[in-house]
Amino acid sequence: MLGDVGVSVGTRVTVRNLFALALLTVIFGLFHRQVFHIQARHLPIFLGAGILSVLGMAVAYFQCQMLCSLAVAGVLLYLAPSFVLMSAALWRAPITKRKLAALALALLGCAFVSGIAGGGLTVSLGGILLGVAAGFCYATYTIFAHYGLQHYDSYTMTYWTFMFAGIGSLFFLKPAELPLVFASSRGVLGMLGLVVVSTVLPYIFYTKGLEGVESGKASI
């Protein structure tokens, strides 16, 4: 929807992450002010989660959507659980038959609901590589969050992740395009959907879930 009103991929990435940061700042400023206090030695965790996981995923995924159909981009993104199984090497999480079966079913389900079996797909080598990169970046959030949640609650992990993602996104911003977001109801609705429904709520829920579920299981 933002693309329809003339907003480029880079500015879409900035709108997603920077506006998400602004919304989280208001929410946590009102209800969870403890998130603003962290130790400097833990900054690399949030830097990795913000720049590699959130910003890297958004850039790769949005670019993939420009080169491939949405069905292909969606399925490639949800290769993420297969990368999260790297946790077996990082902290000896067991790879069980049940997890592998769940992973296979998850990928098959993504294929069905995206319409990938219905034909009419647009695919390119560059798009596939970007989609795989998006899935990898997406998976690394679970890994960074595993370490961050050893020291902080889920709200703090989410907030500081978007602190770095939002600041990093400014590199991709085209300021002249920002008025296009607010010039029509379609642009505003697209912005709200992208920021609230597709970014803030999912990251709050998912990070909260990681507090009580093993990383590999949570990703699947």
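The values are calculated or read from the model by the stated rules, or taken from the named source; none is laboratory data. Remember, predicted model here, so these are calculated numbers, not experimental data. Every residue, glycine as well, gets a Cβ built from its backbone with ideal geometry; the counts of neighbours run over all protein chains shown. SASA here: full protein model, heavy atoms, side chains in, ligands and nucleic acids out. Shrake-Rupley method; radii C 1.70, N 1.55, O 1.52, S 1.80 Å.
Table for the structure above
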read-out: Surface share of carbon and sulfur [accessible, 1.4 angstrom probe, percent] for the chain; value: 71
read-out: Rounded FRET efficiency, nearest 0.05, which uses the C-beta distance separating Ala104 from Ile128 and R0 of 22 Å; value: 0.65
read-out: For peptides 169-178, 35-44, sequence by mean Cβ density within 10 Å, most packed first; value: 169-178, 35-44
read-out: Per-pair calculated FRET efficiency, R0 = 30 Å: Leu70 and Val213 via Cβ, rounded to 0.05; value: 0.55
read-out: Theoretical FRET efficiency, 1/(1+(r/R0)^6), r = Cβ-Cβ of Leu189 and Arg41, R0 35 Å, to 0.05; value: 0.25
read-out: Label-point gap, in nm, between Leu23 and Val197 - each point 7 angstrom along Cα→Cβ; value: 1.1
read-out: Charge tally in the Cβ shell below 13 Å around Leu2, where Lys, Arg are +1 and Asp, Glu are -1, Leu2 excluded; value: +2
read-out: MRE, 222 nm, helices only [DSSP H, n ≥ 4, -39500 (n - 2.57), over the chain, to nearest 500]; value: -20000 deg cm²/dmol
read-out: Most positive-pole-ward Cα, Phe62, Gly74, Leu23, against dipole of the chain from beta carbon charges; value: Gly74
read-out: Test item: Cα-centred dipole of the chain, Lys/Arg +1 and Asp/Glu -1 on Cβ, debye; value: 320
read-out: Summed side-chain charge close to Val15 - residues other than Val15 whose Cβ falls under 13 Å, Lys, Arg +1, Asp, Glu -1; value: +2
read-out: Between segment 1-52 and segment 122-158, the alpha-carbon center distance in angstrom; value: 14
read-out: Where the chain is the region considered: accessible area per residue in Å², 1.4 Å probe; value: 49
read-out: (1) 1.14; (2) 1.02; (3) 1.66, with the label sought being that of the calculated Cα Rg over 2.2 N^0.38 Å; value: (2)
